[in-house]
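> Below: one structure in structure tokens.
The values are calculated or read from the model by the stated rules, or taken from the named source; none is laboratory data. The model shown is predicted, which means the values in this text are computed figures rather than measured ones. Cβ sites come from the backbone with ideal geometry, for glycine too, and all protein chains shown count toward neighbours. Quick note on the areas: whole protein, heavy atoms, side chains included, nothing else; ligands and nucleic acids left out. Shrake-Rupley method; radii C 1.70, N 1.55, O 1.52, S 1.80 Å.
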Amino acid sequence: MFTLEIEGTAVAVINSDEASAKDLFTCEGFKEDIRTMTSEGKPLWNGTAPLIIRAATEDEIEIFEDALAEDDGEGEFTDDKHHAGGETDEEDEDEADIVFLVDIDEADEDDEADA
């Protein structure tokens, strides 16, 4: 497992190999997500700080495993276009799970009503 660290803060853990972790954590879509997501009112990433991908610590792995164990399938998940269709070895690479290690702020209901 690998951890995304930004400015000394462990932000997320992924259960994949290092190459896949780097690909996902540095792809434009994920970078856009972490630029717009906030924790305690601050963006997770300012768009310029280095994105460090490193081996996850035992504590981070435990948090990851506990989070997946608590997920009983009732969460609000949306289908990923990569998971639709047949089962191939290539699609197995897309099935990595990500657990955020910081509390993510919920979207304001007022903001959603205005959209």
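> Taking only the range 1-40 into account, find how many residues are open to solvent by less than 60 Å² (accessible area, probe 1.4 Å), among the small types (Gly, Ala, Ser) and not in a strand (DSSP E or B).
Result for the range 1-40: 4.
> Counting just the residues of the range 55-78 that are assigned to a loop (DSSP other than H, G, I, E, B) and modelled with pLDDT of 75 or more, which one comes out surrounded by the most Cβ atoms within 10 Å (Cβ to Cβ)?
Filtering first and then ranking leaves Ala56.
> Let me ask another. Please work out which residue is least open to solvent (accessible area, probe 1.4 Å), limiting yourself to the range 41-51 and to residues that are out of contact with any helix residue (DSSP H, G or I) (no Cβ under 9 Å at 6 or more places or on another chain) and either outside any loop (DSSP other than H, G, I, E, B) or among the polar types (S, T, N, Q) (or both).
Thr48
> For the range 21-69, give me the residue count where each residue is of a type outside the set (S, T, N, Q) and within 19 Å of Glu106 (Cα to Cα).
Result for the range 21-69: 14.
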